[in-house]
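First the structure, in the form of C-alpha cells, and then the observations on it.
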Amino acid sequence: MNRVVITGANGFIGSAVVDLLISNNVSVVAMDMPGRNNNLPISPLVDFVPMDIADISPLLGLLKGYNDFDAFLHFAWTGSAGPERSDIQLQLNNVKWTTDCIRLCADINCKRFVCAGSIMENEVIAAAFTQGCRPATPFIYGSGKLAAHAMSKPLAAELGVDLLWAQITNAYGVGERSPRFINTTLRKIMANEPLQFTSGTQNYDFVYIDDIAKAFAAIAERGVPFSEYIIGSSHAKPLREFILQIKQTLAPDRDFIFGDVPFTGINLPLSAFDASLLEKDTGFKASISFPQGIVKTYNWLKEA
C-alpha cells in the first residue's frame with residue numbers, strides 16, 4: 001500500500017494503525033474532529049484533515065486532490081464506551097455515518113473499505129433470538145454495529161467498493177483511556193478498591209492494541225473482498241481465566257471475588273472467537289500474550 005485514508009484517526013485504535021502504517025512508509029490522510037489530533041505523530045507521511053462525521057460532503061473535493069487511495073479505513077464511531085453505548089439515536093447516527101463514508105469511498109474511486117466491527121454483533125444476534133433473554137442496554141451499541149454491517153454490505157456491492165469487515169473481540173492496551181473492562185480492573189488494583197466480578201463463566205477474548213493495528217493493516221492490504229474477519233488472540237477462554245491471569249501477574253495478594261456482579265449478556269461459544277480465517281487470508285496472527293499486554297498497560301496507566 002502507498003496511501004490510505006482513515007476516519008477516527010486520533011482514537012485508540014485509529015492512532016495505533018496510523019503509527020504502524022507510517023512506520024512502513026505508507027502515507028495517511030488522517031481524519032478526525034477539529035482539534036482532535038493530539039495522538040497523531042508529526043510526520044510528512046501524515047496529513048491531518050478535520051472532519052465533521054455528521055456532514056462529510058466537504059471532504060469530497062479535498063480528498064480528490066490526492067492521488068489514488070489504496071484503502072479507506074473507518075474507525076470513527078461515537079459512543080463505543082460508557083453510557084453512550086446505550087444511546088439509541090447516537091448509535092443509529094453511527095450507522096448512517098458509516099454508509100456515508102462508503103459513499104465517500106466510492107466517490108474518490110477508492111476500491112477497498114475496511115470497517116471496524118465488534119464481536120458484540122454476534123452477541124446481539126444470539127440475544128435477539130433467545131427466548132426470555134433480557135440483555136442490558138449496552139447491547140444497543142452492538143446493535144448499531146450489526147445494523148451498520150448489514151446495510152454496508154449491499155451498499156458497497158452496489159457502489160463497486162470491496163467491503164472488508166473486521167470484528168474486534170476486545171481491544172486493550174497502552175493508549176486507551178475509556179472505562180472498559182481491562183482499564184477499570186487495572187485502575188481498581190492501583191487504587192486498592194474491591195475487585196468484584198461476575199462468575200466469569202462466559203467466553204471472552206482480549207487482543208492487545210499493537211496486534212490489532214497489525215491485523216487492520218493486513219486486512220487492508222491482503223483481505224479477501226466481502227469477508228468478515230475476527231480479530232482476536234486465538235486464545236479465547238472463560239473470562240474467569242483471564243481475570244485469574246491478571247491476579248497472578250499483577251495482584252497475587254489481592255482478593256478477587258467472583259459471582260457478586262450479575263451477568264445479563266450472552267455466552268458465545270468458543271467457535272465464535274475463531275480467528276483462523278484472518279490468518280489464512282492475510283498471514284496475521286497475534287503475537288503479544290495476555291500477561292505481556294496487561295503488564296504494559298498497567299505500567300502505562302500508572303505513569304499516565
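The values are calculated or read from the model by the stated rules, or taken from the named source; none is laboratory data. Note that the structure is predicted; figures quoted are calculated from it, not measured. Positions of Cβ are generated from backbone atoms using ideal geometry, with glycine treated the same way; all protein chains shown enter the neighbour counts. For the accessible areas, the whole protein counts, side chains as well, though only heavy atoms, and no ligand, DNA or RNA atoms are used. Shrake-Rupley method; radii C 1.70, N 1.55, O 1.52, S 1.80 Å.
For this structure, a couple of remarks:
- Region 252-267, residues that are at pLDDT below 95 and open to solvent by less than 40 Å² (accessible area, probe 1.4 Å): 265, 266
- Residue match in region 174-182 (condition: touching an Asp or Glu at 6+ places or on another chain (Cβ under 8 Å) and open to solvent by 20 Å² or more (accessible area, probe 1.4 Å)): no
- Qualifying residues in region 212-233 (those that are buried (at least 23 other Cβ atoms within 10 Å of the Cβ) and aromatic (Phe, Trp, Tyr)) - the one nearest to the chain's Cα centre (by Cα): 216
- Taking residues in region 15-40 that are under 12 Å from residue 4 (Cβ atoms), and partners anywhere that are among the basic types (Lys, Arg) and in a helix (DSSP H, G or I), the pairs with Cβ atoms closer than 8 Å and at least 6 places apart or on different chains are 20/214.
- Residues that are within 13 Å of residue 114 (Cα to Cα) and of a type in the set (Gly, Ala, Ser) within region 197-232 comprise 213, 215, 217, 218, 220, 223, 227, listed in sequence order.
- Just one of the listed residues (198, 249) is surrounded by 14 or more Cβ atoms within 10 Å (Cβ to Cβ), at pLDDT below 95 and farther than 30 Å from residue 26 by Cβ, namely 198.
- Tallying residues that are of a type in the set (Phe, Trp, Tyr) and over 21 Å from residue 143 (Cα atoms) within region 56-96 yields 3.
- Residue within region 81-88 that is of a type in the set (D, E, K, R), on the phi < 0 side of the Ramachandran plot and touching a Gly at 6+ places or on another chain (Cβ under 8 Å) present: yes
- Residue match in region 245-257 (condition: more than 22 Å from residue 166 (Cβ to Cβ) and aromatic (Phe, Trp, Tyr)): yes
- Odd one out for residue 286 among (1) small (Gly, Ala, Ser); (2) touching a residue at least 24 places away in the same chain (Cβ under 8 Å); (3) surrounded by fewer than 18 Cβ atoms within 10 Å (Cβ to Cβ): (3)
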